[in-house]
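Below: one structure, written as structure tokens.
None of the figures in this text is laboratory data; all of them are computed from the coordinates on show. Given the structure is predicted, the values throughout are model-derived calculations rather than measurements. Cβ coordinates were reconstructed from backbone atoms using ideal geometry, including for glycine residues, and neighbour counts include every protein chain displayed.
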Amino acid sequence: MFACIYDRIVSKTAATDSENETGFSPLVDLAFTFSPLVEQTKADTVVFDVTGQDLLFGTHPNVLANELNAQNDSVRNVADEIARRAAKLNLKINIAIAANPDAAIHAARCCKGTTIIDGDDVLLHLAPLSIRKLDYSLARVEADRAEEIQATFALWGVCTFGDLARLPLAGVAERLGQDGVRLQKLAQGKTDRQIHLVRPPIGFEQSLELEDPISELEPFSFILSRLLNQLCANLHEYALATNELRLRLVTERCLEYRLQSGISAANEKDPTEVGVLNTCDLHERTITLPVPMRDPKTLLRLLLFDIEAQPPSAPIIKVSISAQPVKPRASQTGLFIPLAPEPEKLEITLARLAKLVGGENVGSPESLDAHRPDSFRMKRFRLATQRKKSRSNLQSVIRNPQSVMGFRMFRPAWRVDVETIQGKPTRISARGQASTRIRGQVVCAAGPWRGSGDWWRSDVWARDEWDVALVDPNARESKVICRIYRDLTNEQWFVEGIYD
């Protein structure tokens, strides 16, 4: 048995605008509440298989006189339940239930209210319908061909489904071909086809409500392992992976709040909708992965490291894990390229380091587009893809290689004492590790070059830079060219680096 739902007021534009968060129209969502076998024929028409629904909505055969009445009563109960749920969604629909989907579609579109067609009474219900209501697309007839057949029906005087159903099959096949034969079967309600299924929405989320609160990490790891195994199995079934995990923990404080507010936890889907909760009552974490993964063991260890770094403030009563589905990574290494560490193992190592020294101190430094000297930030570490080495020789571009100078920067800068005359450095005496190299008389100086910025911040910076040449007879190198600067915020001198 097949049931068809026809929305009397929907249009194509309205159907597109009314799609909800699942990506389907309300008609499709309504059909999925009854059966997983759903076809959306058009924007206003949905047909689905209701075989076996009598076990849920039917009446026991002993109650009625015979089994036929019991079957009719169960079908009527299914139609009434569809109408009841549609009324809750404010849908104005026609309902038809028939032995084949095409008969149910035509009955729902043409008959207002609820129509139930028995197997032997199909033609009795379809015969009065106008031939203009015949859906040629169900018989796989193209639009141009459908116009020709409609003109032929008008010449023959065919006005209803019954007129077409009573025509001799041989004559229809001779004049209209197989298209006419399929259309006649549509009018007779004798088609037999498989419905084109709508794929149900894919959801990669696992949740579990705990009978007793959990406050220790070891028993909680078994719960996470169970959920991650199922989540990764779903990803593997669709040949997908994930690059983002979202962990949501409902703590015992949230339950106490709901009990004090008189709200049942079983009927509450989103605890944040109850009222204003503290941030510690609902523990949410998001883990972004550098590459798509679906290994439950790796994901479990990453989640445990994150929970150890930022544990919830109260025992846990509910766990939810959701994954962002993406295509899995595909990599092909060369025979002569050194093997890089596996991304999964590398991510676990980085998570351990972040646990020890803090997440803000682990990653790759990235230079900032700012005037502040040596400004950088830490970004997430990612393995660089192997690139072919350029064959061009940089020395061939430089006409005079002897004129190239390198600058060796000291991090942190070395502290020095500078003697000045009228603000110009004349002698430098280094301290500590720089005392054996950065010292002597200044024989040449260029500068100063003043730079400053971030005056609106607490760590404002301002300094004067000089390039100086030093001569020290006692040093190994007779002349050293370096860059020094004076920090204007504390009036101290530093050596930023030397020129090679």
- Convex hull of Cα atoms in the range 161-225, direction-averaged projection (nm²): 8.9
- Message: Give me the one-decimal nm value for the distance between modelled label points at Leu55 and Arg427, 7 Å along each residue's Cα-to-Cβ direction.
- Response: 10.1
- Query: Simple spin-label model, 7 Å along Cα-to-Cβ: Met409 to Ala233 in nm?
  - Reply: 5.3
- Query: Among Ser322, Ser25, Ser313, what is the fewest-to-most ranking by other Cβ atoms within 10 Å?
  - Reply: Ser313, Ser322, Ser25
- Please report, for the Cα atoms of the range 403-499, the Rg to one decimal and the Dmax as a whole number; what are they, in angstrom? 13.6, 46
- Fewest to most neighbouring Cβ within 10 Å: what's the order for Lys479, Lys88? Lys88, Lys479
- Query: If you take the beta carbon distance between Lys112 and Asp163 as r and set R0 to 22 Å, what does 1/(1 + (r/R0)^6) give as a FRET efficiency, to the nearest 0.05?
  - Reply: 0.45
- What's the FRET efficiency of Ser320 with His371 using the Cβ-Cβ distance as r and R₀ = 41 Å, to the nearest 0.05? 0.35
- Note on the structure: Contour minus Cα-Cα span, Asp144 to Thr286, at 0.36 nm per residue, comes to 45.7 nm
